[in-house]
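Here the structure is laid out as structure tokens; the discussion comes afterwards.
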Amino acid sequence: MSELYRAIDSLMTAGTGSDIGIRVFVSPLEFELPPPIFSPDDLSATVRSYQETLVRLWQSDSLPEEITAAPTWSAPVPEGEWRNLDPEHLIPLFVRTDESIDGVIYEIQCPGSWWGSCDALERVLAPERLALSARFAADLHTVFPEGAKILHLFESSTSPHENHYFANQVRRTSPDFRYWALDPDAAKDECDLIRAHSYSGLVSEDMFRIRLHQLAVGQVRFDLPPIPIFDQKAAMALPFDPDYKRHFDDAQRAVFPYTALLRDNHVILETGERASINDLLRRPDGERAYMLKYAGLDTTRNWGARGVVALRELLEQDMAPLLETLTQDATRNEPWILQAEVESLGEVTVQEPDGTARIETSNLKINHFLGPTRSLGKLLQASPGRVRWNARTVLSLVREPDDAAR
């Protein structure tokens, strides 16, 4: 094993009790990003304003039925005074977006994955840089100036070992932040911040109803918030929806690709045309540059990009089963969205575990880490496939033109 992989693995396994290190390939070189369409901090502020609008729509019971009627697949959120809090206290604190290399967001996750891997890569490849866990802790101090006791539901994440690693780096960087099950002075019933990676994992936590009361009186914060809308993709269609676009501004629309809700297996395209999915599937490739995404709360389909279909790549024999699934889901109030395809192809330098290097052309995605006050940095993910990480995925640190992430 090369020194690079040995160093990263040693960091990620030390103190976690896990033998799992980095699970993907690594680039030894920083990827040079082109000038972004939006400055990182402006984009962060736009995402937060978009999320505040979603909370206000939720509080006023103004969301479309495609979102409110979607099955939660777990206990529904109880009513309570916490629902009337200022939206600032009900939006996510930390998110990770999926972006094109020029900064168009096609997915938002709270908190998302790769935080630990990014931190480890920075500590090994850019030791002069303040690591992501330190930037995270600094931004968390803006919410909890005196520190906080944190309950992180690690097992609701894609990579529990990576989140254990990141939590350990946070608590070593800033002793003001203590974690239940890692620090003896952090009792489970005294936690100030509850972190989860899925809505279903959050609401099944032992003290969830008690914590909602604590939220109402300002004793606790949630990240993921206890609102179903932040764990489903359907809300991304609202800035473009004819009935809802008035609630959003042009700056919010500009950061997303065009997105539409499926209604009766029909969508409204960018042109204003109403088209059936069956019709779209029969059009030439150039007119099928869309991604069809399951947009509900079923973790068997929204976890790990399972319910994502590239229409241009769909084979003839797969069209009928897809249409049948869409029809069945419509009867179960399971939402789907159609999103304009976002693709970033490019070359990345890859180091194999044995130390040999190669250059590979892949689909490039930026994992952009955002905190409550600013952008916290970016990590490149290069994969042969379109969406989900796989055995050939490569992670690379990035160098931004304005050096904003340093």
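The values are calculated or read from the model by the stated rules, or taken from the named source; none is laboratory data. What you are looking at is a predicted structure, and each value in this text was computed from that prediction instead of being measured. Cβ: placed from backbone, ideal geometry, glycine included. Neighbour counts: every protein chain shown. Calculation scope for accessible area: heavy atoms of the full protein, side chains included, ligands and nucleic acids excluded. Shrake-Rupley method; radii C 1.70, N 1.55, O 1.52, S 1.80 Å.
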Counting only residues that are modelled with pLDDT under 95 and buried (at least 22 other Cβ atoms within 10 Å of the Cβ), how many does region 199-225 have?
3
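Residue by residue through region 143-181, note down the ones that are hydrophobic (A, V, I, L, M, F, W, C) and either under 28 Å from residue 301 (Cβ atoms) or open to solvent by less than 50 Å² (accessible area, probe 1.4 Å) (or both). Before the answer, list the steps.
Pass one, region 143-181, residues hydrophobic (A, V, I, L, M, F, W, C): 143-144, 148, 150-151, 153-154, 166-167, 170, 177, 180-181.
The answer is 143, 144, 148, 150, 151, 153, 154, 166, 167, 170, 177.
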Of all residues in region 237-281 being over 22 Å from residue 333 (Cβ atoms) and hydroxyl-bearing (Ser, Thr, Tyr), the one that is most open to solvent (accessible area, probe 1.4 Å)
271
Using the structure shown, decide if residue 129 is out of contact with any Phe, Trp or Tyr (no Cβ under 7 Å at 6 or more places or on another chain), among the basic types (Lys, Arg) and open to solvent by 30 Å² or more (accessible area, probe 1.4 Å).
no
Looking at region 255-269, can you tell me whether even one residue there is touching a residue at least 40 places away in the same chain (Cβ under 8 Å), over 18 Å from residue 70 (Cα atoms) and part of a helix (DSSP H, G or I)?
no
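Out of region 332-362, which residues are more than 27 Å from the chain's Cα centre (by Cα), of a type in the set (Gly, Ala, Ser) and in a strand (DSSP E or B)? Show your work before the answer.
Within region 332-362, the first condition is being more than 27 Å from the chain's Cα centre (by Cα), and the residues that meet it are 352-359.
If we keep only those that are of a type in the set (Gly, Ala, Ser) as well, we get 355, 357.
If the condition is that a residue be more than 27 Å from the chain's Cα centre (by Cα), of a type in the set (Gly, Ala, Ser) and in a strand (DSSP E or B), then 357 is the only one that fits.
Rundown of residues vs (1) more than 30 Å from residue 290 (Cα to Cα); (2) under 17 Å from the mean Cα position of the chain (by Cα); (3) modelled with pLDDT under 95, yes/no style:
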position: 97; (1), (2), (3): no, yes, no
position: 102; (1), (2), (3): no, no, yes
position: 122; (1), (2), (3): yes, no, no
position: 126; (1), (2), (3): yes, no, no
position: 135; (1), (2), (3): yes, no, no
Some residue of region 323-331 being of a type in the set (Asp, Glu), farther than 30 Å from residue 40 by Cα, within 23 Å of the chain's Cα centre (by Cα) and open to solvent by less than 50 Å² (accessible area, probe 1.4 Å)
no
Tally time: how many residues in region 71-84 are modelled with pLDDT of 90 or more and surrounded by 16 or more Cβ atoms within 10 Å (Cβ to Cβ)?
2
Leading residue by the ranking (farthest from the chain's Cα centre (by Cα)) among those in region 288-308 that are more than 15 Å from residue 337 (Cα to Cα) and surrounded by 14 or more Cβ atoms within 10 Å (Cβ to Cβ)
299
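Among the candidates 379, 311, single out the residue that is more than 25 Å from residue 112 (Cα to Cα), buried (at least 18 other Cβ atoms within 10 Å of the Cβ) and among the hydrophobic types (A, V, I, L, M, F, W, C). Step through it out loud before you land on a result.
Details: 379 fails: more than 25 Å from residue 112 (Cα to Cα).
Among 379, 311, only 311 is more than 25 Å from residue 112 (Cα to Cα), buried (at least 18 other Cβ atoms within 10 Å of the Cβ) and among the hydrophobic types (A, V, I, L, M, F, W, C).
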Against the definition (in contact (Cβ under 8 Å) with a residue 12 or more places away in the chain, small (Gly, Ala, Ser), out of contact with any strand residue (DSSP E or B) (no Cβ under 6 Å at 6 or more places or on another chain) and under 23 Å from residue 229 (Cα atoms)), how does residue 69 come out, yes or no?
yes
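Considering only residues that are open to solvent by 30 Å² or more (accessible area, probe 1.4 Å), closer than 13 Å to residue 368 by Cα and not small (Gly, Ala, Ser), look in region 16-41 and name the one that is modelled with the highest pLDDT. Write out each step before concluding.
Going through region 16-41, the residues open to solvent by 30 Å² or more (accessible area, probe 1.4 Å) turn out to be 16-17, 19-20, 23, 28-32, 34-39, 41.
Pick out the ones that are also closer than 13 Å to residue 368 by Cα and you get 36, 38-39, 41.
Narrowing further to those that are not small (Gly, Ala, Ser): 36, 38, 41.
Details: 36: 85, 38: 91, 41: 94.
Looking at residues that are open to solvent by 30 Å² or more (accessible area, probe 1.4 Å), closer than 13 Å to residue 368 by Cα and not small (Gly, Ala, Ser), I get 41.
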